[in-house]
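What follows is a short report on a single structure.
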Amino acid sequence: MGTVEGAERITNRAIYPGSFDPITYGHINIVERALKIFDTIIVAVAINASKKTVFTDKERVAMIKDIFQNEPRVEVDSFRGLLVDYVRRKRAKAILRGIRTVTDFDYEFQMALANKSLDPNVEQIFMMTEGNYLYYSSSIIKEIVSLGGSVREMVPEIVEKGLREKLFKGKGSCSKRR
Ligand code: ADP
């Protein structure tokens, strides 16, 4: 099966879709672990006009590109419309999602079934979060920054800086209490 396997590996890529508003070390951990399974991960920022975000889609893409600038196997993109259509266009092998809690599981399970009904050929891979990443959530992180707390351990520097500019303008520096 040597040649077939070799040929297949070229297209062995997964799409990791999400809002990434903003990307956290929890997301980054999923990408790093998925790189052990897939050749390429496409981090795909979902553009959803009805969802209010702190960062524009362009800002989110730029931050993620900066974070993965030294990882040639990570591509960063954005997409509109149905995820299954995007996955087909990109000829990806699978959709990658992360799971932290049973609440995540409930939501992801519903979405997975919906995607499967839209495209029975789509495969979806779910990776469990690890250790402290359990409580790294984009919305909690935004809340902490807007209240003046530090999220240094939860997001890369470029993200923390962006968050402070957007959410904590002119309110002084972030405190670090533990
Ligand atoms: P969405 O709005 O599509 O849920 P998110 O940016 O919130 O987008 O999350 C994208 C994916 O990453 C989801 O599958 C989510 O469950 C997962 N995820 C978010 N934070 C973490 C984390 N800390 N550990 C593991 N997976 C995570």
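Laid out as a table, the results:
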quantity: C-alpha long axis of helix 57-67 to longest principal axis of the chain, angle in °; calculated: 90
quantity: Centre separation in Å (Cα based) which lies between the stretch 23-66 and the stretch 109-169; calculated: 9
quantity: Within a Gaussian network of the chain (alpha carbon springs, distance under 10 Å), most fluctuating of G148, G131, G162; calculated: G131
quantity: Solvent-accessible area, 1.4 Å probe, carbon plus sulfur percent, for the chain; calculated: 53
quantity: When the chain is reduced to its Cα atoms, the Kirkwood hydrodynamic radius in Å; calculated: 17.3
quantity: Between helix 157-167 and the chain: long-axis angle, C-alpha atoms, 0 to 90°, nearest 10; calculated: 60
quantity: Helix-only CD estimate at 222 nm, as mean residue ellipticity for the chain, using -39500 (n - 2.57) per DSSP H run (n ≥ 4); calculated: -12500 deg cm²/dmol
quantity: Where the chain is the region considered: accessible area per residue in Å², 1.4 Å probe; calculated: 60
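The values are calculated or read from the model by the stated rules, or taken from the named source; none is laboratory data. Keep in mind that this is a model prediction, so the values were computed, not measured. Keep in mind that these areas ignore ligands, DNA and RNA; they rest on the heavy atoms of the full protein, side chains included. Shrake-Rupley method; radii C 1.70, N 1.55, O 1.52, S 1.80 Å.
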